[in-house]
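> Shown below is the structure under consideration.
The values are calculated or read from the model by the stated rules, or taken from the named source; none is laboratory data. Because the structure is predicted, anything quoted here is derived from the model rather than measured. Here Cβ is always computed from backbone atoms with ideal geometry, including for glycine, and neighbour counts include all displayed protein chains.
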Amino acid sequence: MLVQAAALGVLVAGNGSFAPSIAAAALLGIGTAMVYPTLIAAVSDASQPRDRARVVGVYRFWRDSGFVLGALIAGIGADATSPETAILIVAVLTAASGLLVATTNWQPRSTLQPAPAP
């Protein structure tokens, strides 16, 4: 996610020039290629086998909802400000998402809960 956010920053900083746009496109592709399998593997690893299908389904719902929300934010942001500002807004949200995931403790939960203290 942080690579994708950096790519969006490069895109805006390049101001439409060809070389920065190509670099941004390559970074977006690399970032996406790293993020998709990593996040779904983290979600799978953090869930019990019997819960995995449901948990991955919930993850994919929220991930895909983010695509819709991102498109709405970008469109409304571009109309309200400028395309560059809208891309920067998406970059900030993407970076925040990456930082949130990076600081999340992805430890699997045990199915056995300790008995409550008397």
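> Only one of these conditions is not met by Asp79: (1) surrounded by 14 or more Cβ atoms within 10 Å (Cβ to Cβ); (2) more than 20 Å from Leu28 (Cα to Cα); (3) not aromatic (Phe, Trp, Tyr). Which number is it?
With (1) surrounded by 14 or more Cβ atoms within 10 Å (Cβ to Cβ); (2) more than 20 Å from Leu28 (Cα to Cα); (3) not aromatic (Phe, Trp, Tyr) applied to Asp79, the lone miss is (1).
> Same structure again: Among the residues of region 41-55, write down those that are loosely packed, with under 14 Cβ neighbours inside 10 Å, more than 17 Å from the chain's Cα centre (by Cα) and in a helix (DSSP H, G or I).
Within region 41-55, Asp45, Ala53, Arg54 meet the criteria.
> Sticking with this structure for a sec: Restricting to region 56-107, what's the tally of residues that are outside any helix (DSSP H, G or I), of a type outside the set (A, V, I, L, M, F, W, C) and more than 18 Å from Val12 (Cβ to Cβ)?
Keep residues of region 56-107 that are outside any helix (DSSP H, G or I), which gives 81-82, 103-107.
When the remaining residues are screened for being of a type outside the set (A, V, I, L, M, F, W, C), the result is 81-82, 103-105, 107.
If we keep only those that are more than 18 Å from Val12 (Cβ to Cβ) as well, we get 103-105, 107.
Going through region 56-107 one residue at a time, the tally reaches 4.
> From the list Val10, Val58, which residue is β-branched (Val, Ile, Thr), modelled with pLDDT of 90 or more and within 20 Å of Leu100 (Cα to Cα)?
Details: Val10 fails: within 20 Å of Leu100 (Cα to Cα).
Step by step, each of Val10, Val58 is checked, and only Val58 is β-branched (Val, Ile, Thr), modelled with pLDDT of 90 or more and within 20 Å of Leu100 (Cα to Cα).
> Arg54 fails exactly one of the following numbered conditions: (1) more than 25 Å from Ile87 (Cβ to Cβ); (2) touching a Leu at 6+ places or on another chain (Cβ under 8 Å); (3) of a type outside the set (Val, Ile, Thr). What is the number of that condition?
Unmet condition: (2).
> Taking Ser110, is it part of a loop (DSSP other than H, G, I, E, B) and either over 23 Å from Ala7 (Cβ atoms) or modelled with pLDDT of 85 or more (or both)? Spell out the reasoning first.
Details: part of a loop (DSSP other than H, G, I, E, B): yes; either over 23 Å from Ala7 (Cβ atoms) or modelled with pLDDT of 85 or more (or both): yes.
Judged against the criteria, Ser110 is a match.
> Let me ask you something else. Among the numbered criteria (1) over 14 Å from Met1 (Cβ atoms); (2) modelled with pLDDT of 90 or more, which single criterion is violated by Ser44?
(2)
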